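The values are calculated or read from the model by the stated rules, or taken from the named source; none is laboratory data. Every value quoted in this text rests on a predicted model; they were computed, and no experiment measured them. For neighbour counting, all protein chains shown are included, and Cβ atoms are generated from backbone atoms with ideal geometry for every residue, glycine included.
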Amino acid sequence: MPTLAKAYIAASATSPLEPGTIERRDPGEFEVLIAIKFTGICHSDIHAARGDWAGVKYPLVVGHEIAGVVEAVGEKVTRHAVGDRVGVGCFVDSCRECVNCRAGEEQHCLAGSVSTYNSLGRDGLPTAGGYSTSIVVEENYVLGIPDGIPLEAAAPLLCAGITMYSPLRNWGAAPGKRVGIIGMGGLGHMGVKIAAALGADVTVLSQSLKKQDDALRLGAQGYHATADPGTFEALRDHFDLVINTVSAEIDVDEYLSLLAVGGTMVMVGLPPKPLTLRTWSLAGFRRNLTGSKMGGIRQTQEMLDFCAAHGLGAEVEVIPASKINEAYERVLTSDVRYRFVIDAGTL
């Protein structure tokens, strides 16, 4: 029989999130019931809750940075046990059969991965996310959180952490590589930590110098204000890899000029409008422009293990559920250092 879970629910695009209850199914034979302890607030949650993206269905429970403890398991579960510390990220299922799923790239499932919220599960019912007290997920889409990471610091790793780890790994951040991180927010601060732990020379590119001390503390070797026109001249042809974390419109050509010959700029932010560039910005110095989504299950587990081995976690401000709507407004004005995390015990 389904059980009731407490949750914070968006009834419409214009209404504040409010407390309520949702139904969670009993775990099937290969499924895990997780008692949620902490859930991070991602900018994507705000976009979805406020109807900024097409196809949002209400009522909606968002949240895809989930950390908790296994409460019950189905009879055929072998990967997790009651009491395990676990996490759930941006998707909870995929077709498991296409070439991408078989390669461990479930986030690029050709049939479309099942998102943690605002999607339809295999049972045909809408998925509901982590702004709740529990969730049921198939065991292969549940990650193990190592003991070395506090659960509240681990929750944002399930989106922000893997969103940065994946391009840093895929495009070879390592000793001797010069990496630029555009933006010093929830994504950017994790990019600094992970890139530094990988041994790269890391520089933050942010609008102002107000977060410079934090960036240097977290492992950056350099920090430049993009509002200063001298920044782009000083860093021209400098970086092997630049990762853009911001969702604002940027001058793509200007940032591409910071890449050395053969360098790559990776877009992980989601601007609301299309961006433009001149082809010469790429062809002139064999520069590359690409995008990255997040990692598959295998790479996400690798990221969690890497973070534990290097003592990494997100910089968080833990809030009670009653502060969610206030936190949304603060995120929109960049008034958080660097990720809000909801204490699920307050739902």
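The listed residues are 283, 308, and the only one of them that is under 24 Å from the mean Cα position of the chain (by Cα) and at negative phi turns out to be 308. The condition of being under 16 Å from the mean Cα position of the chain (by Cα), at pLDDT 95 or above, crowded, with 23+ Cβ neighbours inside 10 Å and of a type in the set (D, E, K, R) holds for only one of 152, 106, that being 106. Figure legend. Inter-residue proximity from the stretch 27-42: first residues outside the structural domain of residue 83 (by TED's automatic domain parsing), second residues of a type outside the set (Asp, Glu) and surrounded by fewer than 24 Cβ atoms within 10 Å (Cβ to Cβ), beta-carbon distance below 6 Å, spacing 6+ or different chains. No pairs are indicated.
Looking across the stretch 2-45, the residues that are aliphatic (A, V, I, L, M) and in a strand (DSSP E or B) come down to 4, 5, 7, 9, 10, 22, 32, 33, 34, 35, 36. Taking the criterion of being part of a helix (DSSP H, G or I), within 19 Å of residue 285 (Cβ to Cβ) and of a type outside the set (A, V, I, L, M, F, W, C), the residues of the stretch 209-252 that qualify are 231, 233. Of the residues making up the stretch 236-247, those that are buried (at least 21 other Cβ atoms within 10 Å of the Cβ) and at pLDDT 95 or above are 239, 240, 241, 242, 243, 244, 245. Restricting the stretch 254-281 to residues that are farther than 23 Å from residue 227 by Cα and at pLDDT below 95 leaves a set whose member that is surrounded by the most Cβ atoms within 10 Å (Cβ to Cβ) is 280.
Can you find a residue in the stretch 112-125 that is outside the structural domain of residue 341 (by TED's automatic domain parsing) and under 18 Å from residue 301 (Cα atoms)? Please lay out each step first, then the result.
Here is the first cut: in the stretch 112-125, the residues outside the structural domain of residue 341 (by TED's automatic domain parsing) are none.
No, every residue in the stretch 112-125 fails to be outside the structural domain of residue 341 (by TED's automatic domain parsing) and under 18 Å from residue 301 (Cα atoms).
When the stretch 94-116 is filtered for residues that are closer than 25 Å to residue 40 by Cα, touching a Ser or Thr at 6+ places or on another chain (Cβ under 7 Å) and not hydroxyl-bearing (Ser, Thr, Tyr), the ones remaining, listed by number, are 106, 107, 109, 114.
Given the criterion of a type in the set (S, T, N, Q) and farther than 25 Å from residue 324 by Cα, identify the matching residue among 94, 132, 115.
94
Checking each residue in the stretch 259-275 for being closer than 28 Å to residue 47 by Cβ and either touching a Cys at 6+ places or on another chain (Cβ under 8 Å) or touching a residue at least 24 places away in the same chain (Cβ under 8 Å) (or both) picks out 264, 265, 266, 267, 268, 269, 270, 271, 272, 273, 275.
Counting only residues that are more than 23 Å from residue 196 (Cβ to Cβ), part of a helix (DSSP H, G or I) and in contact with a helix residue (DSSP H, G or I) (Cβ under 8 Å, 6 or more places away or on another chain), the stretch 134-171 holds 2 of them.
Check 72, 67, 10 and return the single one that is surrounded by 14 or more Cβ atoms within 10 Å (Cβ to Cβ) and under 20 Å from residue 294 (Cβ atoms).
Values: 72 fails: under 20 Å from residue 294 (Cβ atoms); 10 fails: under 20 Å from residue 294 (Cβ atoms).
Selected residue: 67, the only one of 72, 67, 10 that is surrounded by 14 or more Cβ atoms within 10 Å (Cβ to Cβ) and under 20 Å from residue 294 (Cβ atoms).
Reported count of residues in the stretch 199-214, each being buried (at least 20 other Cβ atoms within 10 Å of the Cβ) and closer than 19 Å to residue 333 by Cα, is 3.
Being more than 19 Å from residue 306 (Cβ to Cβ), β-branched (Val, Ile, Thr) and under 20 Å from the mean Cα position of the chain (by Cα) holds for only one residue in 268, 261, 242, and it is 242.
Of all residues being of a type outside the set (A, V, I, L, M, F, W, C) and at pLDDT 95 or above in the stretch 29-43, which is farthest from the chain's Cα centre (by Cα)? Just the residue, please. Break it down into steps so the answer makes sense when it comes.
First pass over the stretch 29-43, keeping only residues of a type outside the set (A, V, I, L, M, F, W, C): 29, 31, 37, 39-40, 43.
Within this subset, residues satisfying the condition of being at pLDDT 95 or above are 29, 31, 37, 39-40.
Values: 29: 29, 31: 23, 37: 18, 39: 12, 40: 9 Å.
Among those residues, the one meeting the criterion is 29.
So for the stretch 134-144 (the condition being in contact with a Phe, Trp or Tyr (Cβ under 9 Å, 6 or more places away or on another chain), crowded, with 23+ Cβ neighbours inside 10 Å and hydrophobic (A, V, I, L, M, F, W, C)), does at least one residue qualify? No, that holds for no residue. Screening 128, 173, 196 for residues that are surrounded by fewer than 23 Cβ atoms within 10 Å (Cβ to Cβ), of a type in the set (A, V, I, L, M) and either out of contact with any Pro (no Cβ under 8 Å at 6 or more places or on another chain) or modelled with pLDDT of 95 or more (or both) leaves exactly one candidate, 196. Taking every residue in the stretch 171-182 that is outside the structural domain of residue 245 (by TED's automatic domain parsing) and pairing it with any residue that is surrounded by fewer than 24 Cβ atoms within 10 Å (Cβ to Cβ), at least 6 positions away or on another chain, yields no pair with a Cβ-Cβ distance below 9 Å.
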